[in-house]
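Here is the structure we will look at, set down as structure tokens.
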Amino acid sequence: MRRRCVNAASESVYITAEIDGCARTTYSIKSFIVSTLILDFSGPKRIVEHMKLYRDDLLEATDLVYSQMRPTPQYPWPQLKARLGCEIWVKHENHTPTGAFKVRGGITYVDWLKRTQPEVNGICSATRGNHGQSQARAAVAVGLRALIYVPHGNSVEKNAAMRAFGAELVEFGEDYDTSRVEALRVAEEEGLAFVPPYHAELVKGVATYAFELLSKVPDLDTVYVPIGCGSGICGTILVRDALKLKTKVVGVVSTEAQTAKLSVEAKRLVETNSARTFADGMAVRVPVQEAYDIYAEGAERVVAVTDEEVAEAIRVYYRDTHNLAEGAGAAALAALMQERDRMAGKKVAVILSGGNIDADWFVTVMQGGVPEV
């Protein structure tokens, strides 16, 4: 085996290794290990050494995150228990400074970027809204430019929020994945740091919500987590494993954006032709390999919910708890409602991942309808 160090920074090492005729790349950050594609010249093989988190990593991340926000609450709601016949804890990520869980990853990612690449003067990324708010907020706060791409027809109110946090917003393409490709091209062209949808430092921050939840309620039978590109479910799985708990993690996707579910079932990455759902945080066509490696192994199953089921879950959240949930934010509850018989009598948690739903969509939902996309 031969190893060659290509680039070394104070907290990261990028290694190229040749093992038994296989070329592989591994990105390591402190105690994280993320193994990516392996190319075997005698035939396709993959060696999976996915990212790991340890308690010290989580304590370090929470210290950083709490320097900018308070922990979010987790409450057992009696109305939901009466409705669904199980004890239900809601993790309220709709109570963060941006109204969604993504803010945590922005804090840790931009901190890491400034420490390891101090020469960078700006970031570029693509989003449907919550990731963009997170990155713009964190980047602008430390003097960086934040160029954010969104698809045409994106949420008007999420766009306004990103601009309020200092983002330079550009509309491009018909969906998130098309915007992401353009953002990567422009980042390279303009010398900006491209912020991917999934990265170890993003997951490190996002994982702090699961650390809060599972530290408070370690005896959960199951936790339901929505899947977009995968940082939320992967952070939850990694925390569950770090704390050595038996909690089952169930992923949730839209029936209109099933790339994660199809990939798990096929045991390989499966792209979809479209992702047209009003649950825009889950509107992803192209899965992320590093995330797939974690949830394919660590999730109990992946459940698909319809837009109608998501809309009903939004109504239930508002009627039973008076909390506002966006589409992806309500997806976990929608999945639990779908599996209510399976969860009867158990202690369950759902991640209310965000509450950033446009007013006109919310009115449509509360009037019994489903927003059109």
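The values are calculated or read from the model by the stated rules, or taken from the named source; none is laboratory data. Values in this document were obtained by computation on a predicted structure and should not be read as measured data. Cβ sites come from the backbone with ideal geometry, for glycine too, and all protein chains shown count toward neighbours.
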**Criterion violated by T236 - all others in (1) assigned to a loop (DSSP other than H, G, I, E, B); (2) of a type in the set (S, T, N, Q); (3) under 20 Å from A334 (Cα atoms) satisfied** = (1)
**Asked** Of all the residues that make up the range 183-196, how many are crowded, with 24+ Cβ neighbours inside 10 Å and not small (G, A, S)?
**Response** 1
**Complete:** For the range 115-133, pairs from a residue that is touching a residue at least 24 places away in the same chain (Cβ under 8 Å) and among the β-branched types (V, I, T) to a residue that is part of a helix (DSSP H, G or I) and surrounded by 24 or more Cβ atoms within 10 Å (Cβ to Cβ), with Cβ under 7 Å and 6 or more apart or across chains, are I123/Q135; I123/A139
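Looking at E309, E271 in this structure, which one is within 23 Å of the chain's Cα centre (by Cα), in the same structural domain as Q79 (by TED's automatic domain parsing) and without any contact (Cβ under 8 Å) to a residue 24 or more places away in the chain?
On the way: E309 fails: without any contact (Cβ under 8 Å) to a residue 24 or more places away in the chain.
Criteria check complete, one pass: E271.
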**Message:** Just the residues that are of a type in the set (V, I, T) and more than 17 Å from the chain's Cα centre (by Cα), please, taken from the range 93-117.
**Reply:** T116
**Request:** Can you confirm whether the range 171-181 contains a residue that is under 19 Å from M51 (Cβ atoms), modelled with pLDDT of 95 or more and surrounded by fewer than 17 Cβ atoms within 10 Å (Cβ to Cβ)?
**Result:** no
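Considering A82, A126, which residue is crowded, with 24+ Cβ neighbours inside 10 Å and either over 19 Å from M162 (Cβ atoms) or small (G, A, S) (or both)?
Details: A82 fails: crowded, with 24+ Cβ neighbours inside 10 Å.
None of the others qualify; the one that does is A126.
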**Asked** Could we say that E297 is among the acidic types (D, E), over 17 Å from G368 (Cβ atoms) and part of a helix (DSSP H, G or I) here?
**Response** yes
